[in-house]
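Have a look at the structure below before the remarks.
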Amino acid sequence: MTGSSVWQQILDHSHRADPYPLYTELRKTPVRQVEDGSYVVSTYPEIVALLHDPRLSSDLRHLPEMGTVSGEGPGLPPSFIRLDPPEHDRIRRLLTWDFGPPHRPGRVDGMLPDMRVIVTGLIDDLVGKTRVDIVDEFAYPFPVTVICRLLDVPREDEPRFQALSDALIQVADPTTGSITERDRQRNKAMANLGQYFGGLLDARADQPAGDDLLSGLLRASGGDEPMTRAQVLANAALLLVAGHETTVNLITNGMLTLLRHPEVLDRLRRGEEPDLAARVVEELLRYEPPVHLLPETRNTLDDIEIAGVTIPAGSRVTLVLAAGSRDPALTPDPDRFDPDRAHNEHLGFGGGVHYCFGAPLARPETRIALTELAQRLRNPRLVADPPPYRANPGLRGPRHLFVDIDAVDPARP
Amino acid sequence: MKVIVDLTRCQGYAQCAFAAPEVFAMRGDEALLYDSDPGQGQRERIERAVAACPVQAILVDREGGRHRLSPETSRGLGEEMERIGRIVIVGASLAGLRAASVLRREGFAGSLTMIGDEAHPPYDRPPLSKQVLIGRASAQGTVLPRHDEFDVRWRLGVPATGLDLGGKQVILADGQRVRFDRMLIATGLRARAWPKETAAGLDGVCTIRTPEDAEGLRRRLAAGPSRVLVIGAGFTGCEVAAACRELDVLVTMVDRGPAPLAGALGAVIGRIAAQMHRDHGVDLRCGVQVEALEGDRDGRLRRARLSDGTTMEVDVAVAALGSVRNVEWLEGAGLAAGPWGVACDAGCRAVDANGVVTDDVFVAGDVARFPHPVYGFQYLALEHWGNAVAQAEIAAHNMISPQSRRWAHLALPEFWSTQYDAEIKSVGVPTYADQVVIPQGSVAQRRFVAVYGYRGRITAAVAFNQSKWLEFYAGLINQAAPFPPSFRTVDQPPDVHPVPAEVPVRPTYQATVVVTGHTPGQRRATLVRRPYL
């Protein structure tokens, strides 16, 4: 098996249900160059090193082949995940201003009761059914509702922004075209989403500013130069998309994994270990994460020598986070799902300055979702194992997760 | 509940502060303050924070554990262990407790005695000069978890006064002798007191080292003093000054050196710290000494006379004059002990006055000085939390391991300081430098990485609110990468050029990392008896 063919197999849709044996193969060459000239990194120590290496940029505009495609262009300026410090850090601080510490430390904690109400309502809606789709009936609507409330985006607009969001997720799939072509598509979709947010902002221009994140973005400061309107639109669009596309998969992967590990599902159902759910979520982020790879948006500003390979300046680099989290260098017996691991320093949310912005939201969402599902769905059984998967190799998750149940138990007090 | 955050590992991801906002609080981008003794009501949130920490740096009801000890280490000790029936640890400290924990975990079943001069069990010091002073955590709450779980015979409140190396006995102040087969010296440091005894006794003149010191100072600060004088702008002094400003207490900080932190980080970075303190309203006076502290008839501190000619009214004076190593009790014992601590090899075995390594006496923590290959095998004396933990673990492991399984303490020195909204972190030895350069970030925003070089190689890096990049620079130090760094990175300032580091030529009293220059060149050493400073 040559290096490139392993990579091609990983990208190939037919391996979506279980890419892990291919990751084991991939890790035999920690850093490898693949057909399109980019570099793929798959081992834990090397990924961690690169996540903290300031010679690695997230700004595609450094690449000569990108020309002006990723620039201000016809769309919007790059959102903060496609920027480097200090711009990245400034925008991230502004986005954090109304979201979390230091300025709003209790905001997410204060959302927990509301999250449980939403989850309880969605599960109540399943009463009377014997077959449910965890994706469409639960894992999708839940985080969408949460992010809409956080941004004060009308929930009924969902069909409209969902199409745009789908388009954005689509272009993150490296098999759907060259990086320049996908970036062009991406900018188009971003521009449309930006337009949508522009409309929202215009509509509430004469209303008093609310406590939602979007209103916060317009007034946030904390000593930093505020964002331009175009930057607010670009980053609001990113938060809306990233705020649910990934959590859908984390919750669904979680339910699938619990159904495959009934002893853990049973422990969650019994509810005798108050810290179990949090550890289940972390182990899921290691074992079945929603984000499998950071696609080739990262690029080298200088030569980087790593694991015996010199990645030349100006190269695109893909970090296969999900392969790194299953590296025996991180934890013993990595292919086992074990929420009782003593030390779980996984790569589920990345690392370094680009560490997942939404992690503090995704964690309680998934914790509450899985706890309530475990405690309320009576005798859940997988209808198909493996379930049908979405095509995307990077943002990986089931398209549907059909589960047969005997009944829905009432919510516990 | 007992919470400890290994802030050496922490990179400021703030996930704990999202999960348990009442217990963990962020200051600025990365600086974390936490309550080390929160109520049971917070348990669930804290467990979530523990699980969520991206670098797994939060310890609940555990006292340490940087090294993941593999199970194989406890195998094959039988023969060695049978010869060691009694282990004595002198110093009921973070290092001492950590050693006890590792000894038991690795299977040592003999008698374990812990001797400490303070009356209370081991405690965690970093919060004492930070969150305790501003009332975010209690001083008593810093007692380390699980101190009572390791089947240890405690001798607290009884200082060791001597060591009989030949007879393998520790001599205690009450005249008792404690026999040992192996012994660990972990007596650490104490705060250097204000040198003039009458003034040092004034009500209002304090030092800060113990929980009692911290609680006393907290009360004085909470009472709203008219002005606090901080004498010495090392890390402790700077943290006390920052706590004063956080409480909106007026503070003057004086230092005889050119800038705050200059002894540890050099004056170039020290001047950046100076601006930070001034921006927060500290009356900072460098190149100035306190000539006298004067009290009233009731013995209360009233004013200070400074070498710049001014006299100021002050209620409280904090002497942050650095520390003194607790080695007096070893006088005459024949070990290589002196003002910079007790010399040991990289395996933590104590060295005797002739430079010969002993078999049965080990050293760990602030009182130890050990040769480091990255720094030309010069002996380092460190006052860092992370070093105390790591060195204690290695010492404990080596105490009960056969020769072929011993470890070397080769970790790069690392430390942190929290001041205002700045998390200052360091890796390597910043004083082992001739030049410094700022290749990443912005000094104006006080978000930057400074890289230190010595004779063309990188020897240290210091980050202000940029700790996520630090491990990259640690890698460069380990590789002896060329200085100045010449590669292209994100966030490069427009003007990158090395300047003289302005580190002290000789170790100063406030340095936290000191290369003491004890080289193996001497064939025979003689200890000169002299008063300890």
| request: Report the charge-dipole magnitude of the protein assembly as shown in Debye, nearest 20, computed about the Cα centre from +1 at each Lys and Arg Cβ and -1 at each Asp and Glu Cβ. | output: 1860
| said: Checking the a/c ratio against 1.5 first, then a/b against b/c, what shape does the Cα gyration tensor give for the range A:344-397? | reply: oblate
| task | Hey, can you find the accessible area per residue of the protein assembly as shown for me, probe 1.4 Å, expressed in square angstrom? | result | 37
| Accessible area lost on pairing A with B, both sides, 1.4 Å probe, Å² to nearest 100? | 3300
| request: Can you grab the distance from the C-alpha centre of the range B:337-366 to the C-alpha centre of the range B:277-296, Å, no decimals? | output: 38
| request: Report, by chain and number, residues whose modeled amide H sits under 5 Å from the one on B:K130, excluding near sequence neighbours (fewer than 5 apart, same chain). | output: none
| Between A:F337 and B:V357, what is the spin-label point distance in nm, taking each point 7 Å from the Cα along the Cα→C-beta axis? | 4.9
| said: What would the Debye equation give as log₁₀ I(q)/I(0) for the range B:3-60 at q = 0.18, 0.21, 0.24, 0.31 Å⁻¹, counting only Cα atoms as equal point scatterers? | reply: -0.49, -0.67, -0.90, -1.58
| remark: Taking the range B:415-500, the whole-percent share of alpha-carbon pairs separated by over 23 angstrom is 13
| task | Obtain the nm distance between the two label points defined at A:E272 and A:D385 by a simple spin-label model: each point lies 7 Å from its Cα along the Cα-to-C-beta direction. | result | 2.4
| said: Could you work out what % of the accessible surface of the protein assembly as shown is carbon and sulfur, using a 1.4 angstrom probe and leaving DNA, RNA and ligands out of the count? | reply: 50
| said: Given the -39500 (n - 2.57) contribution per DSSP H run of 4+ residues, what per-residue ellipticity at 222 nm results for chain A, rounded to the nearest 500 deg cm²/dmol? | reply: -14500 deg cm²/dmol
| field | Residues in the range B:1-38 that, when all protein chains are in place, have 30 Å² or more less accessible area than the chain alone would give (probe 1.4 Å) | value | B:R9, B:Y13, B:Q15, B:F18, B:P21, B:M26
| How much solvent-accessible surface does A:T175 expose, in Å² to the nearest 10, with a 1.4 Å probe and all protein chains in place? | 70
| Spacing of the two label points (7 Å from each Cα toward its C-beta) at B:S486 and B:R406, in nm | 4.2
| Rounded to the nearest 500, what is chain B's calculated 222 nm mean residue ellipticity when only DSSP H runs of at least 4 contribute -39500 (n - 2.57) each, over all residues? | -5500 deg cm²/dmol
| request: May I ask you to derive the relative contact order of the range A:197-293, considering only C-alpha pairs under 8 Å and at least 6 residues apart, and to give it as an integer percent? | output: 25
| Between the range A:260-308 and the range B:1-65, what's the alpha-carbon centroid distance in Å? | 20
| note | Largest first and rounded to whole Å, the semi-axes √(5λ) derived from the alpha carbon gyration tensor of chain A read 32, 29, 19
| task | Grab every C-alpha pair in the range B:192-322, bin the distances at 10 angstrom width from 0 up to the longest one, and report whole percents. | result | 14, 48, 34, 5, 0
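Taking the Cα centre as origin and putting +1 on Lys and Arg beta-carbons and -1 on Asp and Glu beta-carbons, what dipole magnitude results for the range A:363-408, to the nearest 20 debye?
180
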| note | If each part is reduced to its alpha-carbon centroid, the range B:213-258 and the range B:378-398 end up apart, in Å, by 29
| task | Normalise the Cα radius of gyration of the range B:169-229 by 2.2 N^0.38 Å (N = residues in it) and let me know the number. | result | 1.69
| said: If you filter the range B:207-261 for trypsin sites (Lys or Arg not before Pro), then keep DSSP loop positions with at most 15 other Cβ within 10 Å, what is left? | reply: none
| When only DSSP loop residues count, what trypsin sites (Lys or Arg not before Pro) in the range B:266-302 have their Cβ near at most 14 other Cβ atoms within 10 Å? | B:R297
| task | Would you look at the GNM of chain A, springs on alpha carbons closer than 10 Å, and say which of A:T247, A:T130, A:T366 moves the most? | result | A:T130
| field | Dipole of the range B:415-500 [Lys/Arg +1, Asp/Glu -1 at C-beta], most positive-end residue of B:P498, B:G456, B:V429 | value | B:G456
| Computed magnitude of the charge dipole of the range A:3-408 (debye, nearest 20; Cβ of K, R +1, Cβ of D, E -1) | 240
| task | Project the alpha carbons of the protein assembly as shown onto their principal axes and report the range along each, largest first, in whole Å. | result | 82, 67, 57
| task | Heads up, I need the accessible area for B:D279: 1.4 angstrom probe, whole protein in place, Å², nearest 10. | result | 90
| message | I need two numbers for the range A:100-186: Rg to one decimal and Dmax as a whole number, Cα atoms only, in Å. | response | 17.1, 49
| request: Kindly list the residues of the range B:297-335 that lie in the label zone of B:L250, defined by a backbone N under 11 Å from the point 7 Å along the Cα-to-C-beta vector. | output: B:312-315
| field | Rel. contact order, % - alpha carbon contacts under 8 angstrom, at least six apart, the range B:3-60 | value | 47
| note | Expressed to two decimals, the range B:401-440 has a Cα Rg over Rh, using the Kirkwood radius, of 1.20
| field | Relative contact order for chain A, counting Cα pairs under 8 Å that sit 6 or more residues apart, in percent | value | 26
| said: Can you list the DSSP H helices in chain B whose Cα atoms extend at least 15 Å along the helix axis and whose mean Kyte-Doolittle hydropathy is 0.0 or higher? | reply: B:94-105, B:235-246, B:267-279, B:385-399
| Rg over Rh [alpha-carbon atoms, Kirkwood Rh] for chain B | 0.95
| If you take all C-alpha pairs in the range A:180-324, what percent of them are over 22 Å apart? | 63
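The values are calculated or read from the model by the stated rules, or taken from the named source; none is laboratory data. Computed from a predicted model, the values in this text were never measured in an experiment. Don't worry about glycine lacking a Cβ; one is built from the backbone with ideal geometry, like all the others, and counts go over all protein chains shown. Surface areas here come from the heavy atoms of the whole protein model, side chains and all, with no ligands, DNA or RNA. Shrake-Rupley method; radii C 1.70, N 1.55, O 1.52, S 1.80 Å.
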